[in-house]
Amino acid sequence: MAAAAGALAGAAALVTLAVGAVGAACGAGVGPGGGDRSGPAAGPGGAVLSGGAVPAAGPGPGGAGAYDVARTSGAVGEPVAGEGVALWAYGRFAPPGSFVPSTALTYDRTLVPAGAWIVVEQSTERSGTVVRARVGGLKAGHAFGAHVHTAPCDADPAGAGPHYQHRSAPGADPANELWLDFATDAAGEGNAETRHEWGLRRSGAQSVVLHAEQGGAGARVACFTVPFGGYGTP
């Protein structure tokens, strides 16, 4: 019984919505919504993570490095004054139809093995939106594409819908979308951050899809359902 409970806890996604902090910053449905750097966030064991950072031990098996890996557009670092976390979500990837269901699905177990993990944060403030993602246990040394999509994950990779767009447009554009492309290191870990001066529509953004290659398209290799908040944005 204890082993079954542990497996269930390991596979299921954990989501914490800091609604009170968001309400204080944005008001109830007022203002542009969106986000900025993170504040406190709840960890997989219910612990509060100071500053919204992934703990030094990491959520993955065997430990993971601190949430400080740089990407080409800058480093993912500590929050600054006045910024608050809206959402912190953690999940472990499992194939569709697994005995223990998960909100994180892998469609290509060569690139995203079962048991690999993902953490997604959305931080919010009147000034805009910040979304961060961190992964572990993926294929080492691979350049993944990643985008926020409009629908929850499904056994069919296409079920997550198209990219979330701030303004409806015919083509993929990182300035109009939430791109989180990253490359994994020798340990199979990677992370990314995207910032925009606009908020998210309520229920408009519902998942993060990992792609086999970077850029605006590519085969969908994994998906994580994330209930992004559209705080203050119709």
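The values are calculated or read from the model by the stated rules, or taken from the named source; none is laboratory data. Values in this document were obtained by computation on a predicted structure and should not be read as measured data. Quick reminder, even Gly has a Cβ in these numbers, built from the backbone with ideal geometry, and neighbours come from all protein chains shown. For the accessible areas, the whole protein counts, side chains as well, though only heavy atoms, and no ligand, DNA or RNA atoms are used. Shrake-Rupley method; radii C 1.70, N 1.55, O 1.52, S 1.80 Å.
So which of Ala116, Ala143 is more than 16 Å from Glu177 (Cα to Cα), more than 13 Å from the chain's Cα centre (by Cα), surrounded by fewer than 17 Cβ atoms within 10 Å (Cβ to Cβ) and among the small types (Gly, Ala, Ser)?
The conditions single out Ala143.
Please verify whether Ala205 is in contact (Cβ under 8 Å) with a residue 40 or more places away in the chain and surrounded by fewer than 19 Cβ atoms within 10 Å (Cβ to Cβ), treating the condition exactly as stated.
On the way: in contact (Cβ under 8 Å) with a residue 40 or more places away in the chain: yes; surrounded by fewer than 19 Cβ atoms within 10 Å (Cβ to Cβ): no.
Answer is no for this residue.
Please specify each residue of segment 224-234 satisfying the condition of being out of contact with any Pro (no Cβ under 7 Å at 6 or more places or on another chain) and in a strand (DSSP E or B). Working first, answer last.
Applying the first criterion (out of contact with any Pro (no Cβ under 7 Å at 6 or more places or on another chain)) to segment 224-234 yields 224, 226-231, 234.
Correct list: Phe224 only.
When both residues are 6+ apart or on different chains and their Cβ atoms are under 6 Å apart, which pairs have a first residue that lies in segment 103-123 and is touching a residue at least 24 places away in the same chain (Cβ under 8 Å), and a second that is aromatic (Phe, Trp, Tyr) and assigned to a loop (DSSP other than H, G, I, E, B)?
Here the result reads Gln122/Phe228, each pair linking segment 103-123 to a residue that is aromatic (Phe, Trp, Tyr) and assigned to a loop (DSSP other than H, G, I, E, B).
Looking at the structure I just gave you, is Thr103 in contact with a helix residue (DSSP H, G or I) (Cβ under 8 Å, 6 or more places away or on another chain), open to solvent by 10 Å² or more (accessible area, probe 1.4 Å) and under 21 Å from Ala192 (Cα atoms)? Reasoning before the result, please.
Values: in contact with a helix residue (DSSP H, G or I) (Cβ under 8 Å, 6 or more places away or on another chain): no; open to solvent by 10 Å² or more (accessible area, probe 1.4 Å): yes; under 21 Å from Ala192 (Cα atoms): yes.
So Thr103 does not fit the description; no.
Per-residue answers, yes or no, for (1) within 17 Å of Gly218 (Cα to Cα); (2) not charged (D, E, K, R):
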{"residue": "Lys139", "(1), (2)": "yes, no"}
{"residue": "His147", "(1), (2)": "yes, yes"}
{"residue": "Gly159", "(1), (2)": "yes, yes"}
{"residue": "Ala175", "(1), (2)": "no, yes"}
{"residue": "Ala187", "(1), (2)": "no, yes"}
{"residue": "Gly190", "(1), (2)": "no, yes"}
{"residue": "Glu193", "(1), (2)": "no, no"}
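So which residues in segment 182-211 are of a type in the set (Asp, Glu) and under 26 Å from Ala140 (Cα atoms)?
Within segment 182-211, the first condition is being of a type in the set (Asp, Glu), and the residues that meet it are 185, 189, 193, 197.
Matches in segment 182-211: Asp185, Glu189, Glu193.
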